[in-house]
Amino acid sequence: MPSIALAVADGTPLFELAAACEVFGPDRGLSDSWYDFTVCGEDGARVGGWLTAGIAPGLAALPRADTVIVPSCHDLEAPPPALVDAVRAAHRGGARVASLCTGAFVLAEAGLLDGRRATTHWAHTSLLRDRYPDVRVDPDVLYIDEGDVLTSAGKAAGLDLCLHLVRKDHGAAVANALARSLVVPPHRPGGQAQFIPAAVSHGRDHVLADLISWTLERLDRPLTVRDLARRAGMSPRNLARHFNAVTGTTPLRWLLTQRVGRARELLETSDLTVEQIASRTGMGTATTLHRHFSRRLGVPPDAYRRTFRT
């Protein structure tokens, strides 16, 4: 059973802590090996500035955990030294370390982000870059996965990163089922923009709602951006503008993300060959699927299937 320790410092905001607890805490029967989840923090640590309920005293659980989650840091000027030391020790001991929102400042102070890409809440990316010049700060993404170190943007992006970790550990089918129970989008890729510039509804009434539904029903077809624009009755340039407003990415990147996501589900839940899955996801050939799948997930389709086959 993989273990996860959530590190609480004094003043940790309630939202990020609650998101991690909701994802990793309850065993909903989605996997035979769910997480051994622990919330720990220094004595008297308060959540949201006022709540001190159910927090195990001390940070001793961190170095023993397989994964350490560091939610938002209240004091960006001086991250708690005891927490910084505990996170550094956990990483040296082989733990995977992930920060939510401004928890990235704790990781940076511990030296875990030196030479790596990292992100945090868009309002604090400049401060992170200025204070830690060895960190390659990317202000435009939801989260960044560097393998043993992961960082996320603010608030809801922390939930995206938590679901990403579940997807890595238990597969797409489990992560999607969990997302459905939480009534959140099953997958927002880390490269999606933090800040959606236009105030466009993300429900079923936005300008691309019909097009997105139409496209998802036809992922097996060799659709192009021009095909999508024609279906939407727009020019490709106008379609790109609306896609950026609604999804924070381009039509082509969104389409490729959906194809790879569908391929993941089929690899987990079907006996189709890689060639057949390539055809059903509009990739055309196994070679094309292999290239895009490996680039997105870091493993080839066959290796992914061996890991997550249900």
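The values are calculated or read from the model by the stated rules, or taken from the named source; none is laboratory data. Just so you know, these numbers come straight off a predicted model, no measurement behind them. No Cβ is skipped: glycine too gets one built from the backbone with ideal geometry, and neighbour counts run over all protein chains shown.
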Pairs where the first residue, in the stretch 275-288, is under 20 Å from Glu217 (Cα atoms) and the second is in a loop (DSSP other than H, G, I, E, B), C-beta under 6 Å, 6+ apart: Ala278/Thr285; Arg280/Asp220; Thr281/Leu219; Gly282/Leu219; Gly282/Asp220; Gly282/Arg221; Gly282/Pro222
Residue in the stretch 149-165 that is surrounded by fewer than 23 Cβ atoms within 10 Å (Cβ to Cβ), closer than 23 Å to Val8 by Cβ, modelled with pLDDT of 95 or more and in contact with an Asp or Glu (Cβ under 7 Å, 6 or more places away or on another chain) present: no
Filter result for Phe243 (under 22 Å from the mean Cα position of the chain (by Cα), modelled with pLDDT under 90, of a type outside the set (D, E, K, R) and crowded, with 20+ Cβ neighbours inside 10 Å): yes
Candidate set from the stretch 221-235 (those that are of a type outside the set (Lys, Arg), under 29 Å from the mean Cα position of the chain (by Cα) and loosely packed, with under 15 Cβ neighbours inside 10 Å); member that is farthest from Leu289 (Cα to Cα): Thr224
Residue count for the stretch 212-230, restricted to those that are assigned to a helix (DSSP H, G or I) and either under 19 Å from Arg280 (Cα atoms) or touching a residue at least 60 places away in the same chain (Cβ under 8 Å) (or both): 8
Condition check for Arg295: loosely packed, with under 13 Cβ neighbours inside 10 Å and either within 12 Å of Val260 (Cα to Cα) or not assigned by TED's automatic domain parsing to the domain that holds Arg221 (or both): yes
Leading residue by the ranking (nearest to the chain's Cα centre (by Cα)) among those in the stretch 284-310 that are of a type in the set (A, V, I, L, M, F, W, C) and at pLDDT below 85: Leu297
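Could you run through the stretch 92-122 and say how many residues are among the small types (Gly, Ala, Ser) and closer than 11 Å to Thr151 by Cα?
Residues in the stretch 92-122 being among the small types (Gly, Ala, Ser) and closer than 11 Å to Thr151 by Cα: 6 in total.
Here is a yes/no grid of residues against (1) hydrophobic (A, V, I, L, M, F, W, C); (2) not in a helix (DSSP H, G or I):
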{"site": "Ile69", "(1), (2)": "yes, yes"}
{"site": "Pro79", "(1), (2)": "no, yes"}
{"site": "Val87", "(1), (2)": "yes, no"}
{"site": "Ala104", "(1), (2)": "yes, no"}
{"site": "Leu107", "(1), (2)": "yes, no"}
{"site": "Leu127", "(1), (2)": "yes, no"}
Near pairs, Cβ below 8 angstrom, 6+ apart or cross-chain, from the stretch 121-139 (without any contact (Cβ under 8 Å) to a residue 12 or more places away in the chain) to any residue that is crowded, with 19+ Cβ neighbours inside 10 Å and not in a loop (DSSP other than H, G, I, E, B): Arg129/Val137
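Here are some residues: Ala45, Ala5, Ala61. Which one is at pLDDT below 85, small (Gly, Ala, Ser) and under 25 Å from Gly147 (Cβ atoms)?
On the way: Ala45 fails: under 25 Å from Gly147 (Cβ atoms); Ala5 fails: at pLDDT below 85.
Result of the check over Ala45, Ala5, Ala61: Ala61.
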Residue that is modelled with the highest pLDDT [pool: residues in the stretch 64-76 that are of a type outside the set (A, V, I, L, M, F, W, C) and surrounded by fewer than 21 Cβ atoms within 10 Å (Cβ to Cβ)]: Asp66
Hits in the stretch 131-160 - residues which are farther than 18 Å from Ala110 by Cβ and in a helix (DSSP H, G or I): Ala156, Ala157, Gly158, Leu159, Asp160
Members of the stretch 1-22 found to be of a type in the set (D, E, K, R) and outside any loop (DSSP other than H, G, I, E, B), listed by number: Glu16, Glu22
Tally of residues being surrounded by fewer than 19 Cβ atoms within 10 Å (Cβ to Cβ) and free of Cβ contacts under 8 Å to residues at least 12 places away in the same chain across the stretch 251-272: 3
